[in-house]
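The values are calculated or read from the model by the stated rules, or taken from the named source; none is laboratory data. The shown structure was predicted, so the numbers you read here are calculated from the model rather than taken from an experiment. Note that each Cβ is placed from the backbone with ideal geometry, even for glycine, and that neighbours are counted across all protein chains shown.
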Amino acid sequence: MTNLSHISANITQIQNEIAQAAQRAGRDPKEITLVAVTKTYPVQFIREVHKAGLYNVGENRVQEAVPKIETLRDEGTTPPLTWHLIGHLQSNKARLAVQHFDLIHSVDSLKLAKEINRHAVAAEKTQPILVQVNVSGEETKSGIHPGNAVEVIGEILELCPNVPIHGLMTMAPLGTAEAARPTFTGLRNLRDRLAEELKHPGFDPRHLSMGMSNDFRVAIEEGATLVRIGSALFGERNYH
Ligand SMILES: *Cc1c(COP(=O)(O)O)cnc(C)c1O
């Protein structure tokens, strides 16, 4: 487990690497947001992240995240943190997710989008989402099949007016960063194609959420705008 004092040094290091990867790809590093993934880590780690000037935090389980979100909100953390839900979401947790998260990365069905929409309508808000795509096709991964993307996203746009779609998310297969590259390229190509085919005010696919501790450099070279990084900032987790 990383000592607290290492967190800000790790953040600086990762931000430098993000900037270098952006440069290699001829991109502006400002297009890329580092989302600090704090699942399994205590609230004190999130305070360190905030102190270091990072305001985007990712959690993958609603039940674990809500107490952390409430604690920091009650402390009056300013500027406020932006919370990203990155793990699989069950429909019965959609209400809590809508209440607490700014961006839900892991929408993988029309059914879930409809639940999110229902709660967003009730709360008189809009709930931005990303659609998770199983680009690599592994059976163990969540996400819609790329071949169904036009249909599923079209239905979400038609039936879920309070759920604007801000882009796509994917998980690369385990393995080397280079082995992940085709998955990232695939997500970018799919986004570009959908942007052509689906003209709708609720569809603004500005974000590609892809890349984690081991492969974020390659993901940035392939167009990532949101990189989700946990262990490279905080040390190895004990579970998950
Ligand atoms: C845990 C997790 C991450 C971060 O993984 P690290 O390898 O620790 O950087 C990113 N995305 C999702 C969906 C996760 O569950």
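Assuming residue 47 fulfils every condition listed in (1) closer than 25 Å to residue 18 by Cα; (2) buried (at least 18 other Cβ atoms within 10 Å of the Cβ) apart from one, which condition is it? Of the numbered conditions (1) closer than 25 Å to residue 18 by Cα; (2) buried (at least 18 other Cβ atoms within 10 Å of the Cβ), the odd one out for residue 47 is (2).
The residue list 104, 14 contains one member that is assigned to a helix (DSSP H, G or I) and either aliphatic (A, V, I, L, M) or touching a residue at least 40 places away in the same chain (Cβ under 8 Å) (or both), which is 14. Cβ-Cβ contacts under 8 Å between residues 6 or more apart (or on different chains), taken from a first residue in region 190-206 that is under 19 Å from residue 222 (Cα atoms) to a second residue that is of a type in the set (Ser, Thr, Tyr), are listed as 206/225.
Take the conditions (1) touching a residue at least 24 places away in the same chain (Cβ under 8 Å); (2) in a helix (DSSP H, G or I); (3) of a type in the set (Gly, Ala, Ser); residue 19 misses just one of them, which is (1).
Looking at this structure, is residue 46 more than 16 Å from the ligand (Cβ to nearest atom) and in contact with a helix residue (DSSP H, G or I) (Cβ under 7 Å, 6 or more places away or on another chain)?
Working: more than 16 Å from the ligand (Cβ to nearest atom): no; in contact with a helix residue (DSSP H, G or I) (Cβ under 7 Å, 6 or more places away or on another chain): yes.
No; evaluated as a whole, the condition is false for this residue.
In the condition set (1) closer than 21 Å to residue 146 by Cβ; (2) acidic (Asp, Glu); (3) surrounded by fewer than 16 Cβ atoms within 10 Å (Cβ to Cβ), residue 215 is compliant with all but (3). Within region 145-166, not a single residue is under 18 Å from the mean Cα position of the chain (by Cα) and within 14 Å of the ligand (Cβ to nearest atom).
Cβ-Cβ contacts under 8 Å between residues 6 or more apart (or on different chains), taken from a first residue in region 148-171 that is closer than 15 Å to residue 128 by Cα and modelled with pLDDT of 95 or more to a second residue that is small (Gly, Ala, Ser) and assigned to a strand (DSSP E or B), are listed as 167/209; 168/209; 169/106; 169/209.
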